[in-house]
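Asks: Pasting in a structure now, in structure tokens, and then I'll have a few things to ask.
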Amino acid sequence: MRLTRAGEYAVRCMLYLCDKGQGNLVSRQEVANNANIPTHFLAKIAQQLAKAGFIEIRQGARGGFILSQKPADISLLQVVETMIGEIFLNDCIIRPDNCGAQTDCAVHRVWLTARDQLRATLAAVSLEDLRQDTICAPQPTLVSDLPPAATQANNTANPDLQKLYWCPGPNGE
């Protein structure tokens, strides 16, 4: 499964609006420029986000978007599924009538389990959680540069050659 461009842009838009705060008017151009979303695409995304009740759209020269809900009350799953619909990993899940083997198919059960786990993972993360996270992606760090506790946990014969991903905590630990 790959997130659509609309889904990615919707997440960017919502995170930017969350940074600006609930109830604050933010111009379309500001969102487009700072969230790196093409303006024409942003208009389409905003319509769906507004229909879902996440944002309010104000028209006119002084128009823009207003975050309607608290970021803590909006999950990543809600934003993604607003754009792409309910997540399904295979046609046999969304259209069970097209698959005559679904009740006896071991793969069908795996698709259902994976879908449920993915949805649960996305549902467990709020936009507030994402907004507060200052590290978007892990940075490669040499094991020798890690704090002693992390180095002990990853003891190897040649630690200078091994790279692993480590994200420091708020105190650099």
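Asks: Within a 10 angstrom radius of the beta carbon, how do Val110, Val79 rank from fewest other beta carbons to most?
Replies: Final ranking by Cβ density, sparse to dense: Val110, Val79.
Asks: Could you tell me the center-to-center distance, by alpha carbons, between the range 113-127 and the range 1-74 in angstrom?
Replies: 22
Asks: Here's another thing I want to ask about it. What is the magnitude of the charge dipole of the range 5-131 about its Cα centre, with +1 placed on the Cβ of each Lys and Arg, -1 on the Cβ of each Asp and Glu, and no other charges, expressed in debye to the nearest 20?
Replies: 460
Asks: OK, next. Using the Kirkwood radius built from alpha carbon pairs, what does the Stokes-Einstein equation give as D for the range 5-131 at 20 °C and 1.002 mPa s, in µm² per second?
Replies: The calculation lands on 136 µm²/s.
Every read-out reported here was derived from the displayed coordinates using simple, explicitly stated rules and does not represent laboratory data. This one's a predicted model, so the numbers in the text were calculated from it and none came from an experiment. Cβ: placed from backbone, ideal geometry, glycine included. Neighbour counts: every protein chain shown.
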